[in-house]
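The values are calculated or read from the model by the stated rules, or taken from the named source; none is laboratory data. Quantities reported herein were computed from a predicted structural model and do not represent experimental measurements. As a convention, Cβ positions derive from the backbone with ideal geometry for all residues, glycine included, and neighbour counts pool all protein chains shown. Remember, those area values only see protein heavy atoms, side chains included, never the ligands or the DNA or RNA. Shrake-Rupley method; radii C 1.70, N 1.55, O 1.52, S 1.80 Å.
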Amino acid sequence: MNRFMKYIAVGCIALMFAPNAFAKKDKYKNKKLAQEYCKVFKDKFPKKACKVKKIGIGLLPPYCDKGWHADKTFKKGGPNYAACIKGGKLKNHTKDIGIRKGNRGSAERLNTLNCSAKEIEALNTAHSFLEKNWGAIKTEATKPTRTKEQNKNKKVIAVKAKKKQWKRLKNFITGKKAFQIECKSKKWCKNEGILGRDDLRIRNVIVCVQSHTKVKESRKAAMKAELVGTLVHELAHSANFPMYKRKIHNCSTKDKDGKKVCPKTDGTYQLDWAAQYVYVTRTTKKKSKAIRKKIFRQLLKIKRPMLPHR
């Protein structure tokens, strides 16, 4: 036993002095994220001040200067920082969502993790559309009016989810149930082959926002619709929405000829496409049918390669 403890002690000392033991930590990452959040805050509340401050480690509270309040903290993978705002905690931080949980900041509709200012703003816009048009999206999902061409060229099937599944998903959409949206770089998402994923962690959803926003000008309208669809798709998984077996849903099974079996017509995909359809028709209402047709054609070209949901 003594010899075992000695080995443990030697190992701990070696780690302490190893030059690369914690080399992966980015000491500027949290500071940059806090600065990015302050950009969003100042844009939403131009008359209020927001500044970044390094804060305590571990269980120490996020102390800002006297008269300031930590609106959002950043503590993952490096020194801790806070985005401090002048005065106390904001009440009714947004007219659209009244419940603040987790580490959600006053300027964001969702509780985000590792998201830049542009990513937070894109998610705010997508989530705002989902909430304001939820009734129309649910109606389109349960009583579809879209054509096959407006449904990613897949058969249009009415979504038959249980009442408790609809309720749980609506609670995510309206903010009554907390969840976290984690942003990943476009490079990481490309390597993983995903646009979004329901993560292992409870109520943590990965959304590849950069993959939806860093695109050519001609594709931006289609990718904004796709982001709305991606967001509701991943939240639907968290709400245990109906889907095929995971292997079929993720196109990882093959038929007797060795071809991938990829129907992509389960309830989760149909809800995804219903949301995209409502987005396109409502945001191009005053524009010509030709423009809407062009956007639907572009949506057909967007690949959604999914790794297994965990």
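Across segment 202-211, rounded Karplus estimates of 3J(HN,Hα) from the backbone phi angles (6.51 cos²θ - 1.76 cosθ + 1.60, θ = phi - 60°) give 4, 6, 10, 10, 8, 10, 7, 4, 4, 5 Hz, Gly and Pro being marked x.
According to the square roots a ≥ b ≥ c of the eigenvalues of the Cα gyration tensor, what is the shape class of segment 144-195, taking rounded for a/c under 1.5, prolate for a/b larger than b/c otherwise, and oblate for the remainder? Provide the component values of the computation, followed by the final result.
Values: a/c = 3.02, a/b = 1.11, b/c = 2.73.
Oblate is the answer for segment 144-195, as a/c is 1.5 or above yet b/c matches or exceeds a/b.
Treating r as the C-beta distance of Ile202 and Thr125 and R0 as 35 Å, the FRET efficiency rounds to 0.85.
Would you mind getting the accessible area per residue of segment 161-218, heavy atoms of the protein chains only, 1.4 Å probe, in Å²? Let's see the in-between values first.
On the way: 3170 Å² over 58 residues.
Roughly 55 Å² per residue, with all protein chains present.
Once backbone amide H atoms are built at 1.01 Å from N, Asn111 has Phe179, Ile181 as its partners under 5 Å, excluding neighbours fewer than 5 places away on the same chain. Only one residue of Phe172, Gln210, Leu123 has its Cα farthest out toward the positive end of the dipole of segment 115-225, where Lys and Arg carry +1 and Asp and Glu -1 on Cβ, and that residue is Phe172. Could you pull out every residue, at least 5 positions away or on a different chain, whose amide H is within less than 5 Å of the one on Cys84? Hs are placed 1.01 Å off N in the peptide plane, and Pro or chain starts have none. Close amide H contacts, sequence-distant or interchain: Lys51, Val52, Lys53, Asp71.
For the listed peptides 183-192, 272-281, a ranking on the average number of other beta carbons within 10 Å per residue, highest first, reads 272-281, 183-192. Note on Ser218 and Lys76: the model spin-label points, each 7 Å out from Cα along the C-beta direction, lie 3.6 nm apart.
Would you work out if segment 110-228 is rounded, prolate or oblate? Take a ≥ b ≥ c from the square roots of the eigenvalues of the alpha-carbon gyration tensor; rounded if a/c is under 1.5, else prolate when a/b is larger than b/c, oblate otherwise. The shape class here is oblate. Apolar share of the accessible surface for segment 70-220: 50 percent from carbon plus sulfur atoms, 1.4 Å probe.
The 3J(HN,Hα) values that the Karplus relation (6.51, -1.76, 1.60; θ = phi - 60°) gives for segment 281-295 are, in residue order, 5, 7, 8, 10, 4, 8, 9, 6, 5, 4, 5, 4, 4, 5, 5 Hz. Gly and Pro appear as x. List the pairs from Lys72/Lys216; Lys214/Lys286; Lys42/Lys163 whose alpha-carbon separation is above 30 Å, in the order I gave them. Check vs 30 Å cut-off fails for Lys72/Lys216; Lys42/Lys163.
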